[in-house]
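Below: the structure, in structure tokens.
Each reported figure results from applying straightforward, stated rules to the coordinates on display, with no laboratory input. Everything numeric here is computed off the predicted structure, so don't read it as measured data. Heads up, the Cβs are rebuilt from the backbone with ideal geometry, glycines too, and the neighbour counts pull from every protein chain shown.
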């Protein structure tokens with residue numbers, strides 16, 4: 001098949017939707033399919049990088065607009081694609097969708113968050129199939145009168161090979177973390193929408209009370225400096241560390257350096273980093289919301305908890321329980337790894353997606 005994957009996001013980004021898109025692209029290429037990525041340019045439009053095509057996209061008042069949209073349609077014409085798979089409804093997604101409908105090419109749409117659900121309501125044309133990465137999103141779409149049979153739940157998969165050659169000791173040495181210390185790992189942008197305040201409210205008192213605990217936050221974010229200042233004021237700058245986004249090829253070392261994976265986002269329905277942590281054999285403590293509650297089996301691969309609006313200290317209590325019960329933590333980590341390998345590998349998820357592609361082509 002000749003497949004166009006279309007995204008407005010920065011590509012490839014190690015985290016989030018574009019990180020999952022890169023995993024998808026690599027698996028499809030390995031299986032002999034032709035894959036063309038249409039993505040936004042950081043500065044100038046029209047650049048080509050192999051089979052990745054970049055176009056200028058501007059965001060105004062919450063909507064995305066494409067510079068010289070005719071170039072996108074012209075490129076799709078020349079590539080003779082069989083499937084158009086868009087990741088967002090507006091911007092490049094709208095241009096590619098319009099082209100697919102004109103050319104009678106199957107159009108697949110991924111709906112990955114609550115904003116996308118709302119945008120779906122404003123689009124008159126309906127895709128051949130909607131891909132939802134979580135059951136919760138499928139339920140939201142069904143509540144908005146989208147036919148259930150046109151919605152398929154396919155989570156973002158994890159590539160087990162990404163963890164080969166992991167060297168967590170190198171990360172501990174780099175940040176001067178003692179070998180005996182316990183490392184809590186968070187992989188998420190430090191932002192309001194990622195519920196970052198809850199992370200620090202929950203864990204800083206625990207870190208102050210126990211000198212053997214370190215917290216490592218990977219992902220950057222617009223509130224990073226705010227919380228860095230707070231950490232400094234509490235005198236914890238030698239045990240709470242921040243780093244910007246890390247490439248997918250380096251992340252394995254950070255997972256390997258951790259003892260417990262902590263995750264507090266309430267809006268991330270993909271929860272790809274949760275799946276990666278479980279694949280890396282880390283026990284997970286996560287807020288019961290979004291995609292995490294569909295990844296983590298409470299009590300079997302980690303713990304799901306409330307936030308301050310429900311049980312104030314439940315999150316930190318579960319973290320401390322795992323710190324004090326190493327065998328339990330180890331067993332949860334191993335169970336999570338086995339669960340990921342059985343249900344959520346990239347190969348399995350791409351198998352499901354290819355079935356959708358073939359179904360739409362046959363239905364055409």
Looks like region 148-219, by Cα gyration tensor root eigenvalues a ≥ b ≥ c and the a/c under 1.5 rounded cutoff (else prolate when a/b is bigger than b/c, oblate otherwise), is oblate
Taking every DSSP beta bridge that has both residues in the chain, what percent is antiparallel when rounded to the nearest 5? 10 percent
Ascending count of other beta-carbon atoms within 10 Å, so fewest first, for 116, 69: 69, 116
Cut-off 14 Å, label 7 Å out along Cα→Cβ of residue 34, residues of region 79-117 by amide N: 79-84
Could you tell me the convex hull volume per residue, in Å³, taken over the Cα atoms of region 160-343? 108 Å³
Rounded Å value of the spacing that divides the Cα centres of region 166-196 and region 308-364: 20 Å
Based on the alpha carbon coordinates of region 79-237, what radius of gyration and maximum Cα-Cα distance (Dmax) apply, in Å? 22.0, 64
Go ahead and set up a Gaussian network model of the chain, Cα springs under 10 Å, then flag whichever of 346, 23, 68 fluctuates most. 68
Quick calc: nm separation of the 7 Å Cα→Cβ label points for residue 67 and residue 145 -> 4.0 nm
Note down the relative contact order for the chain as a percent, whole number, built from C-alpha pairs under 8 angstrom at least six residues apart. 15 percent
antiparallel share of DSSP beta bridges within region 160-343, to nearest 5, in %, is 0 percent
Based solely on its DSSP helices, what 222 nm [θ] is calculated for the chain when runs of n ≥ 4 H residues each add -39,500 (n - 2.57) and the sum is averaged over all residues, nearest 500 deg cm²/dmol? -12500 deg cm²/dmol
Using alpha-carbon positions, what is the distance between the centroids of region 134-159 and region 244-285, in Å? 23 Å
1/(1 + (r/R0)^6) with r = Cβ-Cβ of residue 298 and residue 102, R0 = 41 Å, i.e. FRET efficiency to nearest 0.05, evaluates to 0.30
For 226, 38, which order do you get if you count the other beta carbons within 10 Å of each Cβ and list the fewest first? 226, 38
What is the order of 180, 74, 33, fewest Cβ neighbours within 10 Å to most? 180, 74, 33
FRET efficiency, 1/(1 + (r/R0)^6) with R0 30 Å, evaluated for residue 233 and residue 60 via beta carbons: 0.20
